[in-house]
Amino acid sequence: MQERIYLSPPHMSGNEMKYIQEAFDSNWIAPLGTNVDKFEEEICDYVGMEHGLALSSGTAGIHLALKYFGVGPGDYVFCSDLTFAGSCNPILYQYANPVFIDSEPETWNMSPIALEKAFEWAKKENKMPKAVIIVDLYGQSADYDALLPICEHYGVPVIEDAAEALGASYKGKKCGSFGHIGIFSFNGNKIITTSGGGMIVSNDEEAIKKMRFWATQSREPAKHYEHKEVGYNYRISNISAGIGRGQLQALDSFIDNRKFIFEQYKNKLKELPICFMPISDLGNPNYWLTVLTLKENVELNPEYIINKLEMENIESRPLWKPMHLQPIFIDVPMFYHSETECIGNNLFEYGICLPSGSSMTLEQLELVIDTLKDIFESVKQ
Ligand SMILES: *Cc1c(COP(=O)(O)O)cnc(C)c1O
């Protein structure tokens, strides 16, 4: 059987080892060191933000951001519904209540209409959120010119979950720079990886300072380890940060590769009864994953196609299962884009994520395309 084609495997640029070697040479095998400092600076330069805080995960970043905005027991936090659980689990770490906001059809990101409805409810019920977490899904920016004024109007700060969207932009500005605090993930499946890691970016120096303190076990400046507040062990290692520095140098070429893959799928599968994730002309995605949806009258369903691809050793996946459908969040309030349907549910019901890794070869891409054509062909007869 041919080698497995993964959804989004790690892709090393070749420069990572140089920075790892430097860490070994200087014996900084620790959650601090030159690679950590430089990685923070380099990400900030790339994104156009002033301050960065490198962490062990993107989820840790969201947790610290919520804590920074004073989210605590009984508080409310609004969050995109169609996302990965890492976006909203930290709300529960703080014993607060999530409220989920449906997607809009244009980019599949948070619907401004649903967000406005949620704020009207919160105002009436006296449940104003302490923060709004807006996700940039599958590497495409949310519509910030529509979303941010609503949050500003109600005086609620925004956390931008750009875990999937490093390198994407909206009206010329990079994702991660739209909220008061932005977060990235460098998990193994993301567009660049540190084998596991994350980053907070912000122009608010005080905020970064405070979150850095919490992320480093809230150590007061005393030799004997003095603690006045609860702390976390959330920093990234100097080795991992070295991988990140090598990866960042290749990011723009990774985006080019993923865009090429998206365009090949789109051109070569245009005869099939499918749609691709719409690309808004307000921004440039990083094309992290190519995602398609089946047209509603098609006899096939995603599960069937995913299993058929699996038989050829090709990894594909359904979309993120919307958070309001998850057993753990079943009682959470949810606000919809439309009166008659849930956009996120529809996408989940009909959507498939295709292999999109920047290291995928042309032969592998052709194989996925031909296999998909065969699957659709086989049900016609
Ligand atoms: C991956 C991801 C996270 C979590 O990042 P980790 O580094 O895995 O903790 C959060 N939100 C979204 C949208 C993600 O895709």
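FYI, it's all coordinate maths here, none of it is from the lab. Quantities reported herein were computed from a predicted structural model and do not represent experimental measurements. In this analysis, Cβ positions are derived from the backbone assuming ideal geometry, glycine residues included, and neighbour counts consider all displayed protein chains.
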Distance from region 189-250 to region 253-296 (C-alpha centre basis), Å: 34
Could you tell me which of the pairs Lys18/Lys38; Lys173/Lys295; Lys171/Lys210; Lys130/Lys174 are separated by over 23 angstrom between their Cα atoms in the structure shown? Lys173/Lys295; Lys171/Lys210; Lys130/Lys174
Measuring from centroid to centroid over Cα atoms, what is the spacing of region 109-165 and region 316-356 in Å? 17
Give the peptides 308-316, 137-145 in descending order of average Cβ contacts within 10 Å, highest first. 137-145, 308-316
Just the number: Rg to Rh for region 213-306, Cα atoms, Kirkwood Rh, two decimals. 1.27
Ratio to report: Rg/Rh of region 252-380, with Cα atoms as the point set and Rh obtained by the Kirkwood method; give two decimals. 0.99
Starting from the eigenvalues of the Cα gyration tensor, five times each then square-rooted, give me the equivalent ellipsoid semi-axes of region 21-89, largest first, whole Å. 30, 14, 12
List, in the order given, every pair from Lys117/Lys308; Lys209/Lys259; Lys190/Lys321 whose Cα-Cα distance in the structure shown is over 30 Å. Lys117/Lys308; Lys209/Lys259
Starting with the fewest neighbours, write out Arg4, Arg317, Arg258 ranked by other beta-carbon atoms found within 10 Å of each beta-carbon. Arg4, Arg317, Arg258
How many percent of the alpha carbon pairs in region 156-312 exceed a separation of 28 Å? 40
How long are the semi-axes of the equivalent ellipsoid of the chain, defined as square roots of 5 times the Cα gyration tensor eigenvalues? Whole Å, largest first. 34, 28, 17
Across bins of 5 angstrom width beginning at 0, how are the C-alpha pair distances of region 97-193 distributed, in whole percent? 3, 14, 24, 25, 17, 10, 5, 2, 0
Under the 0.36 nm per residue contour assumption, what length would be gained going from the current alpha-carbon distance of Asp374 and Asp252 to full extension? 40.6 nm
Calculated [θ] (222 nm, deg cm²/dmol) that DSSP helices of n ≥ 4 give over the chain, each run adding -39,500 (n - 2.57): -12000 deg cm²/dmol
What ranking do 264-276, 188-200, 334-346 get when scored by the average of other Cβ atoms within 10 Å per residue, highest first? 188-200, 334-346, 264-276
